[in-house]
């Protein structure tokens, strides 16, 4: 039976491992800093899906106020263990994030997905998400 709950400090290694499956594998100290920062920041939530005592998926959602549009919930990260995909874990996490957003009075939930992740995009479309815009992400280091 799947259990959805807020992440705990003891989930740190499992969450880091899951993010590594998508190619986001910072060293342990850097990830500890990121994890602790998100947990300590108001308006952010890390949700885990647990199956038989093991973390099967993780979702990070946060509230984003903006000047150019209404405040919305943003799914920053969603990863389901590659051995647990296509079993409803991702959809359960998304529905929990949407419920969290609704409880906060947020009218919309949005996310970004890499253009190369066709399976992820198909998943999001299957659960009701539609392309709203395209853009270029620019950065400077």
* Test for residue 104: is it closer than 15 Å to residue 14 by Cα, modelled with pLDDT of 90 or more and over 12 Å from the mean Cα position of the chain (by Cα) -> no
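Looking only at residues that are exposed (fewer than 15 other Cβ atoms within 10 Å of the Cβ) and either in contact with a strand residue (DSSP E or B) (Cβ under 9 Å, 6 or more places away or on another chain) or under 16 Å from residue 75 (Cα atoms) (or both) in region 1-12, which one is modelled with the lowest pLDDT? Walk me through how you get there before you give the answer.
Residues of region 1-12 exposed (fewer than 15 other Cβ atoms within 10 Å of the Cβ): 1, 3, 5-6, 8-10.
Now restrict to residues that are either in contact with a strand residue (DSSP E or B) (Cβ under 9 Å, 6 or more places away or on another chain) or under 16 Å from residue 75 (Cα atoms) (or both): 1, 3, 5-6, 8.
Working: 1: 89, 3: 97, 5: 98, 6: 97, 8: 95.
It comes out as 1.
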* Asked: Here are 118, 81, 36: which of them is crowded, with 18+ Cβ neighbours inside 10 Å and under 20 Å from residue 20 (Cα atoms)?
  -> 81
* To do: Tell me which of these residue 24 doesn't satisfy, since it passes every other one: (1) surrounded by fewer than 18 Cβ atoms within 10 Å (Cβ to Cβ); (2) closer than 19 Å to residue 119 by Cα; (3) at pLDDT 95 or above.
  => (3)
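Here is a yes/no grid of residues against (1) closer than 17 Å to residue 9 by Cα; (2) touching a residue at least 12 places away in the same chain (Cβ under 8 Å):
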| site | (1), (2) |
| --- | --- |
| 33 | yes, no |
| 54 | yes, yes |
| 57 | yes, yes |
| 67 | no, no |
| 93 | no, yes |
| 113 | no, no |
| 119 | no, no |
| 122 | no, no |
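The values are calculated or read from the model by the stated rules, or taken from the named source; none is laboratory data. Predicted, not measured: the structure shown is a model, and the values here were computed from it. Every residue, glycine among them, receives a Cβ derived from its backbone with ideal geometry; neighbour counts consider all protein chains shown.
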